[in-house]
1. Run a plain Debye calculation on the protein assembly as shown (Cα atoms as equal point scatterers, no solvent) and give log10 I(q)/I(0) at q = 0.11, 0.12 Å⁻¹, rounded to two decimals, same order as the q list.
2. Between A:Ile145, A:Ile16, A:Ile101, find the one with the highest GNM mean-square fluctuation for chain A; connect C-alpha pairs within less than 10 Å.
3. Could you tell me the largest-minus-smallest coordinate of the C-alpha atoms of the range A:134-261 on each of the three principal axes, in descending order and whole angstroms?
4. Using the eigenvalues of the Cα gyration tensor, what equivalent ellipsoid semi-axes result for the range B:3-104 when each is taken as the square root of five times the eigenvalue, whole Å, largest first?
5. Can you grab the distance from the C-alpha centre of the range A:97-151 to the C-alpha centre of the range B:94-119, Å, no decimals?
6. Cut-off under 19 Å on the C-alpha distance; same-chain residues fewer than 8 positions from B:Lys94 excluded. Which lysines are left, in chain and number order?
7. Could I have the simple spin-label model distance between B:Ala96 and A:Phe29, label points 7 Å from Cα toward Cβ, reported in nm to one decimal?
8. Shielding by partners for A:67-77, please: the mean number of other protein chain Cβ atoms within 10 Å of each residue's Cβ.
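The values are calculated or read from the model by the stated rules, or taken from the named source; none is laboratory data. Being a predicted model, the structure only gives us computed values, none of them experimental. Note that each Cβ is placed from the backbone with ideal geometry, even for glycine, and that neighbours are counted across all protein chains shown. These accessible areas exclude ligands, DNA and RNA; they are computed on the full protein's heavy atoms, side chains included. Shrake-Rupley method; radii C 1.70, N 1.55, O 1.52, S 1.80 Å.
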Amino acid sequence: MSQDLRRDFQDRQDLIDYVAEIFPQTANFEPFVADTRGGRRAAEQLFENIDPKKYGATRNNISGAVTYLSPYIRHGVVTLREVRDLALRRADQRKDAAKFIMELAWREYWQRLYETLGGGVWDDIEEYKTGFPPDSYDEELPVNIKRGTTGLACIDAFSRELRRTGYLHNHARMWLASYVVHWRKVQWQAGAEWFLEHLLDGDPASNNLSWQWVASTFSNKPYFFNRENLERHTEGLYCRQCLHYGSCPFEGRYEDLSQKLFQIQ
Amino acid sequence: MNTIIWVHEDCLHPTGPAYMAYPESPSIFVFDDAGPVMSLKRYVFIYECLLELPVVIRKGDAVQEILGFARRHSADRIVTIATPSPRLKRIQQKLAQSIQLEVLAYDPFLEFTGTVRLERFSQFWRTVEPYAMLEEPRSEGDQEVAIPGSNTNDAAAGS
Ligand SMILES: Cc1cc2nc3c(=O)[nH]c(=O)nc-3n(C[C@H](O)[C@H](O)[C@H](O)COP(=O)(O)OP(=O)(O)OC[C@H]3O[C@@H](n4cnc5c(N)ncnc54)[C@H](O)[C@@H]3O)c2cc1C
């Protein structure tokens with residue numbers, strides 16, 4: 001008969017060693033542990049981050065005023081309602097909190113869809129709007145994306161951050177997912193599975209349905225971006241150090257990139 | 001009636017509905033052998049959440065572990081929290097074949113019980129926005145709706 005797992009630990013390292021021991025399958029991954037601590041106490045410290053007005057103005061920037069609450073919300077340590085109520089209290093005017101609350105509603109929306117789709121969140125909800133049939137997308141995630149060795153400073157940094165910290169900014173998730181599906185022509189499912197292994201907020205609803213949104217199997221068109229967009233929202237952080245600056249695959253106007261990436265008339 | 005609480009990974013709230021309704025009842029969490037494959041940091045995060053709950057932590061076959069815990073506490077009822085996860089729902093169904101199962105709703109985000117269309121977020125938002133914003137519900141058709149990604153290809157809004 002199995003036993004109760006331990007609840008007393010000398011320190012965090014003791015806990016980490018124990019978890020690694022009782023879940024030997026984690027040896028298939030790098031032994032990274034996030035600085036983010038689990039639990040309600042840690043979540044409450046992040047409540048200070050809730051600044052709905054600033055959020056509305058900066059959310060799409062990598063250094064914007066996002067809350068980092070997603071792992072706690074995903075595991076029900078904090079409820080959407082609690083976060084919404086706090087945001088409304090902090091907003092001088094109700095409309096200042098509108099953008100933030102709309103993002104909370106995205107989670108609610110994905111959860112409600114999950115309720116009706118169940119395991120169907122792993123299937124293409126609609127056809128790809130890229131002009132390509134589903135079987136033209138590879139099933140395997142390329143090793144250089146998993147390892148962060150593509151040579152593209154941004155993509156490699158996102159891959160590393162995902163594996164090391166279990167968190168990526170929303171925009172970085174979108175860029176990385178778009179790169180996987182549209183530039184590398186890999187099925188969104190392969191990328192979604194990879195994200196779920198690592199994201200502390202990994203959730204089959206928010207994750208898979210966002211991947212489908214990027215892929216266009218749950219949106220009216222594929223999501224893609226260009227270097228200028230990434231550079232602006234990251235304040236040049238990656239582009240500055242990238243050997244491929246000026247000749248990277250994200251270079252160009254949207255019309256030209258669209259022609260290159262898709263077979264849309 | 002003797003009650004135990006089954007805590008699962010969708011509700012690790014220290015004052016979640018089950019703990020509020022049954023403050024005296026013993027509770028169990030099971031790392032299910034049939035659960036998803038995850039890297040170390042995800043297990044550590046969940047484990048740290050559990051250490052703030054008054055919960056017995058086990059690893060194994062979820063149904064067997066929960067029923068065994070119920071037997072050890074001579075329980076005739078299991079209480080848990082609703083979840084959209086198909087795997088957790090299957091566990092609920094199996095438990096319900098052996099013992100009385102009470103599934104409590106999770107603190108709802110929206111005080112809205114009507115039906116809402118889910119084909120696209122914009123439809124959903126149009127219906128629920130006043131409830132999400134805690135405003136007086138407005139009549140249909142007088143609201144501006146942001147559709148994610150419709151403005152530019154950088155799809156800055158939404159998803
Ligand atoms: C490809 C891809 C995969 C994703 N996978 C996940 C996932 O597995 N789990 C997950 O919780 N989110 C996922 N998201 C949504 C979003 O990126 C994260 O919720 C957000 O970045 C979390 O950071 P934060 O807590 O600082 O968010 P904030 O911007 O501070 O937002 C507050 C809360 O609102 C919710 N939220 C915000 N934006 C979104 C959104 N677009 N969709 C759904 N909920 C949102 C989250 O619960 C978040 O914690 C994914 C997005 C993409 C594009």
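1. Evaluating at q = 0.11, 0.12 Å⁻¹ gives log10 I(q)/I(0) of -0.89, -1.06.
2. In this elastic network of chain A, the residue with the biggest mean-square fluctuation among A:Ile145, A:Ile16, A:Ile101 is A:Ile16.
3. Principal-axis extents of the Cα atoms in the range A:134-261, largest first: 36, 33, 24 Å.
4. Each semi-axis is √(5λ); the values are 20, 16, 13 Å.
5. 25 Å
6. Within reach: B:Lys59.
7. For the pair B:Ala96/A:Phe29, the computed spacing is 3.2 nm.
8. Rounded to a whole number, the mean comes out at 4.
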